[in-house]
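Notes to accompany the following structure.
The values are calculated or read from the model by the stated rules, or taken from the named source; none is laboratory data. Because the structure is a prediction, the values reported are computed rather than measured. Backbone-built Cβ (ideal geometry, glycine too); neighbour counts: all protein chains shown. For accessibility, only protein heavy atoms count, side chains too; no ligands or nucleic acids. Shrake-Rupley method; radii C 1.70, N 1.55, O 1.52, S 1.80 Å.
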Amino acid sequence: MLILFTPEENKSTEKEQLIYFLENELSVLHVRKPKITELELRSWLSQFEEKYLRKMVLHQHHGLAEAFPVKGIHLKENIRRKQENLQLYIEHYKLNGFTISSSFHDFENMKTEALLFDYVFLSPVFTSVSKEGYQGKEFNVEKFPHKVVALGGIEADKIPRVKYLGYEGVAVMGAIWLAENKQQAFNEIYNKYRNVYK
């Protein structure tokens, strides 16, 4: 799996860049915009054709998954902790055909909870490109029997190491959005991913 997280803030050129990525082999786009209101997210999603929406996973305002043909929803760690009847919440979305993912920063917590989800992120695998003071831990998930995606500090040259550590795929953010040439950065990551994982 090659997953891209959106930038947190809306950018004027974002739509065109995202369409380029989605047209060029990006399999899943995680829509992560912590400060966005439900109305703003509805407007943001309305910009995209159905074929693009089908690759998107919502981090906020999960109810919009009922209004747009998105791929799934993502439960952030703090939401997972606060959600009453977590199992029922997950089952509701699974029964409606959505994928459910979540994030972990601790291997032991992940071991006990990962089976609830279609796939999970474990981070930071490497020192973050976009967050200061986020030191990589190089978690090894080789023997873990569930789909784990590496997050944190993912750049093209790290992808072989990610595969070696047992991850099913990679999730990127800073390596794309902080690059001067975002399309070139994406192409480098995609080409390395394809060579290593396919």
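A few points about this structure:
- Per-region count, region 1-48, residues of a type in the set (Lys, Arg) and over 14 Å from residue 59 (Cα atoms): 2
- Complete set of residues in region 16-53 that are more than 14 Å from the chain's Cα centre (by Cα) and small (Gly, Ala, Ser): 43, 46
For every residue, the table says whether it meets (1) of a type in the set (A, V, I, L, M, F, W, C); (2) within 17 Å of the chain's Cα centre (by Cα); (3) open to solvent by 60 Å² or more (accessible area, probe 1.4 Å).
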| residue | (1), (2), (3) |
| --- | --- |
| 55 | no, yes, no |
| 77 | no, yes, no |
| 85 | no, no, yes |
| 90 | yes, no, no |
| 96 | no, no, yes |
| 132 | no, no, yes |
| 147 | no, yes, yes |
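Here is a yes/no grid of residues against (1) surrounded by fewer than 14 Cβ atoms within 10 Å (Cβ to Cβ); (2) under 23 Å from residue 41 (Cβ atoms); (3) among the aliphatic types (A, V, I, L, M); (4) at pLDDT 95 or above:
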site	(1), (2), (3), (4)
81	yes, yes, no, no
101	no, yes, no, yes
105	no, no, no, no
115	yes, no, yes, no
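- Exactly one residue out of 142, 168 is touching a residue at least 60 places away in the same chain (Cβ under 8 Å), within 17 Å of residue 107 (Cα to Cα) and not basic (Lys, Arg): that is 168.
- Taking (1) open to solvent by 40 Å² or more (accessible area, probe 1.4 Å); (2) free of Cβ contacts under 8 Å to residues at least 60 places away in the same chain; (3) within 18 Å of the chain's Cα centre (by Cα) in turn, residue 187 satisfies each apart from (2).
For (1) in a helix (DSSP H, G or I); (2) within 11 Å of residue 171 (Cβ to Cβ); (3) modelled with pLDDT under 95, each residue gets a yes or a no:
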{"position": "10", "(1), (2), (3)": "no, no, yes"}
{"position": "16", "(1), (2), (3)": "yes, no, no"}
{"position": "19", "(1), (2), (3)": "yes, no, no"}
{"position": "22", "(1), (2), (3)": "yes, no, no"}
{"position": "33", "(1), (2), (3)": "no, no, no"}
{"position": "41", "(1), (2), (3)": "yes, no, no"}
